[in-house]
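Okay, structure first, notes after.
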Amino acid sequence: MKTLLLIAAAIAPAVSFGCGEQEFPPYVYPSVVPGGKTAADFVPNGWKVLGTAEGDLNHDGKPDLAIVLQGTDKAYQWKNEGLGEPEVDQNPRMLVIALANPAGGFRKLTQNNNFIPVHDNPMADDPFDSIDIQRGLLNVQFRMWMSAGSWSMSTTQYKFRYEDAAMRLIGYEYYHRHRASGAEDIVSTNLLTGMQRAIRSDGESQKPKETWQKLKIGKKWTLDTLRSGPTFDETPVPSNP
C-alpha cells in the first residue's frame, strides 16, 4: 500500500526513547565562527567533534569541510537503570559545512542544529553512523538497531549537492530489514528526477518485487531549511516496522 514516508522518522531529534522521567534544560546552540584556518577552529567551547569529512563540494579544486559536533555538558548525561547502555549522553548535536577560501582557511557555509539526532535511547545504537564527501556530494548516514524493543534494523543515507550557495538534498537511500522474518526493503529516491525505486523481499520468496514510481516532490530541500525532514506523497513504507 502506498502512503506517506516521513524522512525524519529516523533522524528527528525531538523523538525520545528510554529516558523516562529525565528532565533537561533547553538546548542552547552557539553560533559557530564565520571562518577559521582548520576544522578545529569551528568547534565551540564545550563541544567536541563526532565526525568530519573533507572533499571538494563547490568544484573549485580545494577540499571543503563537513563537521558533526556534539555538546559535552554533563547536564545532558544520565545513568540508565533499565535495559541497554548504563550511561547515556543526550547532548545536542549540529552539522557545520565550511568551504575553502582561495587564499587559505575556510568560511562557514551553513550550520544546522536539527539534522543530526541525539542518542537518547539506551537500547539503541547511536543513530549517527557516518559522514563523507565523495565525487562532490555530501553523504550523511543514519542507522537504527536496537538490542530490545524492536526486530527492525535500518540505514538511511542522505545525499546533498552544492547548488546556489546552499547544500541541496538530491536523494536518499533507505535499507530496512526485519531480523525475525528476514523481510527487506531497499528504497532509492532521486529528488532531481522525482523517480523512486523500491525492492521488497518478504524473507521467503527468492524473487524480490521491484517497483518504480514518480513522486510529487513540490519543492527543493536544502540543509538550511531541513529540520524534521520532508514528506513525499505515495512512498512505500515497510510493512514490518
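A few notes on this one:
- Residue match in region 29-46 (condition: of a type outside the set (Val, Ile, Thr), in a loop (DSSP other than H, G, I, E, B), more than 13 Å from residue 118 (Cβ to Cβ) and at pLDDT below 95): no
- Failed item in (1) more than 27 Å from residue 76 (Cβ to Cβ); (2) surrounded by 20 or more Cβ atoms within 10 Å (Cβ to Cβ); (3) aliphatic (A, V, I, L, M), with residue 97 passing the rest: (1)
- Tabulated pairs, region 27-40, first under 16 Å from residue 72 (Cα atoms), second part of a loop (DSSP other than H, G, I, E, B) and among the basic types (Lys, Arg), C-beta under 7 angstrom, 6+ apart or interchain: none
- Options 64, 126, 89: the member that is surrounded by fewer than 17 Cβ atoms within 10 Å (Cβ to Cβ) and under 23 Å from residue 43 (Cβ atoms): 126
- Matching option when the condition is farther than 21 Å from residue 115 by Cα and either at pLDDT below 75 or not aliphatic (A, V, I, L, M) (or both), among 211, 231: 211
Per-residue answers, yes or no, for (1) assigned to a strand (DSSP E or B); (2) under 16 Å from residue 68 (Cβ atoms); (3) out of contact with any Ser or Thr (no Cβ under 9 Å at 6 or more places or on another chain):
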residue	(1), (2), (3)
145	yes, no, no
149	no, no, yes
154	yes, no, yes
162	yes, no, yes
167	yes, yes, no
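- When 68, 118, 88, 96 are checked against the criterion of being β-branched (Val, Ile, Thr), more than 30 Å from residue 178 (Cβ to Cβ) and either part of a strand (DSSP E or B) or touching a residue at least 40 places away in the same chain (Cβ under 8 Å) (or both), 96 stands alone in meeting it.
- Scoring residue 138 on the criteria (1) in a loop (DSSP other than H, G, I, E, B); (2) modelled with pLDDT of 95 or more leaves a single failure, condition (1).
- Selection status of residue 88, modelled with pLDDT under 95 and either out of contact with any Asp or Glu (no Cβ under 8 Å at 6 or more places or on another chain) or of a type in the set (Asp, Glu) (or both): no
- Hits in region 178-212 - residues which are touching a residue at least 24 places away in the same chain (Cβ under 8 Å), closer than 20 Å to residue 140 by Cα and in a strand (DSSP E or B): 185, 187, 189, 196
The values are calculated or read from the model by the stated rules, or taken from the named source; none is laboratory data. Remember, it's a predicted structure, so these values are computed and weren't measured experimentally. Quick reminder, even Gly has a Cβ in these numbers, built from the backbone with ideal geometry, and neighbours come from all protein chains shown.
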